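Structure first, commentary second.
Quick note: the coordinates plus some simple rules give every number you see, no bench work behind them. Predicted model only: the values in this text are computed from it and were never measured. Please note: Cβ atoms are built from the backbone with ideal geometry, for glycine as well, and neighbour counts cover all protein chains shown.
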């Protein structure tokens, strides 16, 4: 069997490579996404006091540190056995919305828009955020400012844009000032206008590119996300888990996240440091499920804000019910950005987020705890056990991107099989399509902010005898 | 009171006989970096950061334990001294596990600020990455041995100011470590009065209040010196 390797995969957050396996008939037989970095957080956090975990795990990533910060603080709440004050919950929610907004803006404007605006077959030297700045300066500027706005929400609440040590077990360290709320509210209309421009662009693009929607990861899978307990609406911080299938049927509902192990199991594969979680009742790999914006919009009843709900209705019409194509992640992210601006407005106008009662204090009251929240890329779990003094004895992190691992493999296999018909000569644009299949999921491979836009792409076609048949470098 | 006159960094300085070079320099406004020195307790000369060159003496001298003498010529800032001080800091960083970004004392740490001040922008030696424990058995305070630089300020503060002598040093070489009583978990120590003076004395994040998160552990080290002065001068005697 021949093997084509795309290494590194560019314009994603982290280091990865793709292997395409060529069968004896010369067609692509299988594809694998390998995450080649190793972090080891689950091991080296053992022995540390649990109160350090929000800041320790925030260092997993520079793009979504807030997700780990909040999820870990929630796990800490459970170890203390306290319910954080209402102000703290609202403040954490506001920061998570800022986080989702900036991360989604990064995914669309900085990482994916070069493919969509400039074309999959455009020259790789231009096919990056700088190329977009040249060809669409207004859109690029608005996109960069949108991400900045999301970052500023984090900074104004937590003191710094990246790695704020603000959320702590029991609540948050500081409430929002009136000035912070006012200044952020003043900038909301511009952010919302940018989101609406992006939304309009993506919808127009989808109208004209039905092939991509058909081919980029259009396959059945389960979907999982947090929902509001009362009405099963869109949720990003608290709530219960809901799992639906590709037809929209609810497979499991009202799952307490603390009970995740009854429903989710993890498989470790030999060729990747990314774990592969699956829905336990359906087994491995049949229980593959997707998380993130696409899943959140598929499982929720409503979003709960007028503009985003109108878009949700249109999204479902466009997808014909349940959105099963990974290409629709782009649209789902844009709709979520709109929802973030609306929910942010509600929180920032709520006087309670300025309350001085925002941190509950207690000792170690539970020796095992699970925290769960929605990161931009999907559901995030932190699971700790501690000794009687609060030193960690075990840590398990289930990261959103890991949960998309199995579907990502399936997506790139589908794309490779569709576009790469002749493995003896592969145009660069085809390989970029395979990479884009990964970008649809906006995977965060937890390696901070390295941008790989200019990295070389090295592809080798290796024959059955082990010899290199063809080689492409860029 | 006898007075001696000496020269520090080409500046004529007078000092009380018996004063250390460090005290004389500080009084004259000349800064010599220190880590184990703490106003109010005896000197240990453990960190070696205050090394100075004294003319006529072949070896470098620790300013905190070198007595001033008439006609002494002292240099506190030479290339050799700067190099040695950086090296000492690098060795302290390699010997423990100092991760400023996630430390309770981030921004309030003497080791960290000295590293910045003395231009320690990288470490040339391999890290030892020792496996050291964290003791969180005390109700109010905790000790993270990973961040301990063995300056023994806590040992001296507990002994000399509080009079409890809970802390001591056990082991030898790189295995040296601070122990409570005869190696008990801190929470089980019968001598500890939970006064918290050791926590204030600690230059790093090794000793901290329970529940502190990143950069939350501010320390008021001057209070300890003030306390000793007030006792000596009987300020609070009624």
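Summary table
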read-out	value
Paramagnetic reach from residue A:230 (point 7 Å along Cα→Cβ, amide N under 18 Å) across the stretch A:66-96	A:86-91, A:93-94
Folded to 0 to 90 degrees: helix A:306-319 orientation relative to chain A principal axis, Cα	30
On Cα atoms only, tilt of A:405-419 relative to the major axis of chain A in degrees	30
Ratio Rg/Rh [Cα only; Rh per Kirkwood] for the stretch B:11-152	1.01
The stretch A:345-368 versus the stretch B:183-236: alpha-carbon centroid distance in Å	30
Shielding by partners - mean other protein chain Cβ count within 10 Å, residues of B:136-144	3
Chain A: relative contact order in percent, alpha carbon pairs under 8 Å with at least 6 residues between	28
Test item: A:217-226 mean partner chain Cβ contacts at 10 Å	0
Cα convex hull of the protein assembly as shown - mean projected area over all directions, nm²	37.9
Neighbouring partner chain Cβ atoms per residue of A:156-167, average, 10 Å criterion	1
Cα-projected label distance for residue A:238 with residue A:367, points at 7 Å along beta-carbon direction, nm	2.9
Within the protein assembly as shown, helix-based [θ] at 222 nm, where runs of 4 or more DSSP H residues each add -39,500 (n - 2.57), nearest 500	-10500 deg cm²/dmol
Residue B:139/residue B:220 FRET efficiency (R0 25 Å; Cβ-Cβ; nearest 0.05)	0.75
Rounded Å value of the spacing that divides the Cα centres of the stretch A:252-328 and the stretch B:125-172	49
Cα→Cβ-extended label distance, 7 Å offset, between residue B:16 and residue A:122, nm	7.7
Simple label model, 7 Å out from Cα along Cβ direction - residue B:190 to residue A:141, nm	7.6
Isotropically averaged projected area of chain B, using the convex hull of Cα atoms (one quarter of hull area), nm²	14.8
Fewest-first sequence of B:227, A:367, B:49 by Cβ atoms within 10 Å of each Cβ	A:367, B:227, B:49
Ranking of A:337, A:408, B:217 by count of other Cβ atoms within 10 Å, fewest first	B:217, A:408, A:337
Degrees between helix A:65-80 axis and first principal axis of chain A (Cα, 0 to 90, nearest 10)	40
Segment residue A:302-residue A:349, length gained on full extension (0.36 nm per residue, minus Cα span)	14.7 nm
Order of A:201, A:44 - criterion: other Cβ atoms within 10 Å of each residue's Cβ, fewest first	A:44, A:201
Segments A:323-336, B:175-188 sorted - mean Cβ within 10 Å per residue, highest first	A:323-336, B:175-188
Gain upon complete extension [residue A:425, residue A:261; 0.36 nm per residue less C-alpha separation]	54.4 nm
Cα-based equivalent ellipsoid, the stretch B:89-140: semi-axes from gyration tensor eigenvalues, Å	22, 16, 7
GNM result for chain B, Cα springs below 10 Å: residue of B:27, B:216, B:90 fluctuating most strongly	B:27
